[in-house]
Amino acid sequence: MLEIRNLNVKYGKIQVIWDFSIDIKSGEAVGLFGPNGAGKTTLINAIIGLVKPESGKIIFENKSLVGLETHKIIRAGIAVVPQERELFPFMTVEENLRLGSAYIPVAKNRVEENLEFVFTIFPILKERRKQKAGTLSGGQQRMLAIGRGLMANPKFLILDEPSLGLQPSLVIELFQKLKEIKKTGMSIFLTEQNVKQGLKIIDRGYVIENGRIVMDDSSINLAKSEYIQKSYLGV
């Protein structure tokens, strides 16, 4: 579904991504793990057209994304949930959700259906549908951001550090919700520093350090890796 080949990305003279290649199949959940500054968010920005690669290929459903405007990439079926959430705090939960489908042609005809899907995954959002987004807890705001992404009726969902800033109990709850989304067969690309939780919901994972892939394997094998246990799991 998504294929990235030999991608190089720079900010000015500083290279952030080096010869990066990954594949994500339809219906697959793939994780990208690494420390702050490793290049995870830069990679996402390159996928959705916010950053122009120096070289390399980004192909989604056999079509190149390089050079396309961001809104065209989103309309092609890719939804991104940014780590900053970027909600409209003075609008209600439901208004924020409906905005997720407002400019996506394929989603406009399925607004009510998608809304019920989001409320099934996140019942708390249904309870708080008339509440202003800015008054929600941090965990609820994260769920709202993910729900808004789902309202676009995406084929491919990108989650950038979804656990960032959440207390441990909320992280566990959030990843349980992501498991439910995965069961629908939606393709998921997850970037995370919380390797322990991330490995529980993915099929395969990559580890990025200093803009380069240093390891890739199944979630089971990564969890057993001595390097992962020492460097990321504190074992």
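The values are calculated or read from the model by the stated rules, or taken from the named source; none is laboratory data. The structure displayed is predicted, hence computed values, not measured ones. Cβ placement follows ideal geometry from the backbone for every residue including glycine, while neighbour counts extend to all protein chains displayed. Calculation scope for accessible area: heavy atoms of the full protein, side chains included, ligands and nucleic acids excluded. Shrake-Rupley method; radii C 1.70, N 1.55, O 1.52, S 1.80 Å.
Among the residues of the stretch 200-222, just one is part of a loop (DSSP other than H, G, I, E, B), among the aliphatic types (A, V, I, L, M) and at pLDDT 90 or above, namely 202. Inside the stretch 77-108, residues that are touching a residue at least 24 places away in the same chain (Cβ under 8 Å), acidic (Asp, Glu) and either part of a loop (DSSP other than H, G, I, E, B) or within 22 Å of residue 27 (Cα to Cα) (or both) make up a count of 1.
Each row is one residue, and each column tells you yes or no for (1) of a type in the set (A, V, I, L, M); (2) in contact (Cβ under 8 Å) with a residue 24 or more places away in the chain; (3) farther than 26 Å from residue 20 by Cβ.
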{"site": "132", "(1), (2), (3)": "no, yes, yes"}
{"site": "164", "(1), (2), (3)": "yes, yes, no"}
{"site": "198", "(1), (2), (3)": "no, yes, no"}
{"site": "202", "(1), (2), (3)": "yes, yes, no"}
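Yes or no, residue by residue, for (1) more than 25 Å from residue 205 (Cβ to Cβ); (2) at pLDDT 95 or above; (3) out of contact with any helix residue (DSSP H, G or I) (no Cβ under 7 Å at 6 or more places or on another chain); (4) open to solvent by less than 10 Å² (accessible area, probe 1.4 Å):
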position	(1), (2), (3), (4)
62	no, no, yes, no
73	no, no, yes, yes
102	yes, no, yes, no
106	yes, no, yes, no
133	yes, no, no, yes
142	no, no, no, yes
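Looking across 174, 166, one residue alone is over 14 Å from the mean Cα position of the chain (by Cα), open to solvent by less than 30 Å² (accessible area, probe 1.4 Å) and farther than 18 Å from residue 107 by Cα. It is 166.
The residue that is nearest to the chain's Cα centre (by Cα), among those in the stretch 108-131 that are at pLDDT 90 or above and open to solvent by 90 Å² or more (accessible area, probe 1.4 Å), is 120. What tally of residues in the stretch 181-195 results from selecting those that are within 15 Å of the chain's Cα centre (by Cα), part of a helix (DSSP H, G or I) and over 16 Å from residue 232 (Cα atoms)? Here the count works out to 2. For residue 20, the conditions (1) over 26 Å from residue 203 (Cα atoms); (2) surrounded by 14 or more Cβ atoms within 10 Å (Cβ to Cβ) all hold with the exception of (1).
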